[in-house]
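No lab work stands behind these numbers, since they all come straight from the coordinates. Remember, it's a predicted structure, so these values are computed and weren't measured experimentally. Cβ placement follows ideal geometry from the backbone for every residue including glycine, while neighbour counts extend to all protein chains displayed.
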Amino acid sequence: MTNEKAAHGKIPATVITGFLGAGKTTMIRNILQNAEGRRIALIINEFGDLGVDGEVLKGCGAEACSEDDIIELTNGCICCTVADDFIPTMTKLLERENRPDHIVIETSGLALPQPLIAAFNWPDIRSEVTVDGVVTVVDSAAVAAGRFADDHDKVDALRVNDDNLDHESPIEELFEDQLTAADLIILNKTDLLDSTGLAFVRNEVSSRTSRKPAMIEAKNGEVSAAVLLGLGVGTENDLANRKSHHEMEHEAGEEHDHDEFDSFVVELGSITDPAVFIEKLKPIIAEHDVLRLKGFADIPGKPMRLLIQGVGARIDQYFDRPWAAGEVRRTRLVVIGLHDMNEAAVRAAITAAV
């Protein structure tokens, strides 16, 4: 078995962050299935009440990471609960007799990476673990479609005309924070773009952070574990150069707003025609500006559950694993959007789409 401890004897931890639907879970699944002898512990910071990502990864069958090695934190905003949730989780992990060779942490698509990185300076953790690197996964197709601002051209024009105006949305700030924290940026889903679109994405991503970490292209989250693991950065020692909007607001005496995003779960019965259901979901997502939709569906006559993952107008679906013996077959979808999303209207529309 490979022992990948850092030179100073600490267990390396890789933080994988990225916007909603960027492909973090798929990338981690690839890491687990190609771990090259490493024993990997995985911590997932899920947003919402349904731990979809954890369920997907538990079903991947990778020897490198058993179900006992996958830990879910469902608080959504890890920046606010580091002391209550993350640090005790890390402490218990380090107390195990069979400790991991590497720790991989998947942040929620709505979590701030910087406070999580800062938590590695907690005395009991700092002596045992180091941040090997922060990997930020970017949904290239979403960026090309302008998903991080309502209207980029309009925002840019307003900034030029009035430097005192602040037109940045929470989504833009979050995207920039994730890029600012990165040691490596993965431009994922590049197979959905032509050369012009990809050049635009590269320029857009580069323009949103003064730091210029390495940037590589990928499709379907296919990046070698040898590239993602073993960066050896020690990111927790470089926080002063990676300040987030959140931190700068606190330094300016402003209060952090935790209500920028909302999520809720829609429970449904069986979906008799998944193709029709998916097509009906698309206009609902567009009309209500749903940021992310993900969950599982029960398809009558099928022994496996259908995984549904949507971001913007794109919705992916595939059967991920058989229903377990005694498991209640049902359809549950997590819907994530801005705080002013009309939950009642979205819920009613999705229910009517069955």
**OP:** Stick to Cα atoms and the Kirkwood definition of Rh, then tell me Rg/Rh for the stretch 268-309.
**Re:** 1.00
Original post:
Considering only DSSP states other than H, G, I, E and B, which chymotrypsin sites (Phe, Trp or Tyr not before Pro) in the stretch 296-338 qualify as loop sites with at most 15 other Cβ atoms within 10 Å?
Top reply: Trp323
Subject >> Amide H contacts under 5 Å for Leu42, placed H, 5+ residues apart >> reply: Ile70, Ile71, Val104
**OP:** Figure the gain on full extension for Ser210 and Ser270 (residue separation times 0.36 nm, minus the Cα-Cα span) and round it to one decimal in nm.
**Re:** 16.7 nm
**OP:** Return the long-range amide H neighbours of Leu112 (sequence gap of 5 or more, or a different chain), with a cut-off of under 5 Å between placed amide H atoms.
**Re:** Ile78, Cys79
Original post:
Mind listing the phi-derived Karplus ³J(HN,Hα) values for the stretch 10-26, rounded to whole Hz, using 6.51, -1.76 and 1.60 with θ = phi - 60°, and x for any glycine or proline?
Top reply: 8, 6, x, 10, 9, 9, 10, 10, x, 5, 4, x, 6, x, 4, 5, 4
Original post:
Whose amide H sits under 5 Å from the amide H of Asp320, counting only residues 5 or more places off or on another chain, with H placed in the peptide plane?
Top reply: Arg305, Leu307
Subject >> Highest average packing first - 341-347, 34-40, Cβ atoms within 10 Å >> reply: 34-40, 341-347
**OP:** Report Rg (one decimal) and Dmax (nearest whole number) for the stretch 177-222, counting Cα atoms only, units Å.
**Re:** 10.6, 28
Subject >> Unsatisfied cross-links (Cα-Cα over 20 Å) in the set Lys24/Lys280; Lys189/Lys294; Lys212/Lys243; Lys189/Lys243; Lys24/Lys189; Lys10/Lys212 >> reply: Lys24/Lys280; Lys189/Lys243; Lys10/Lys212
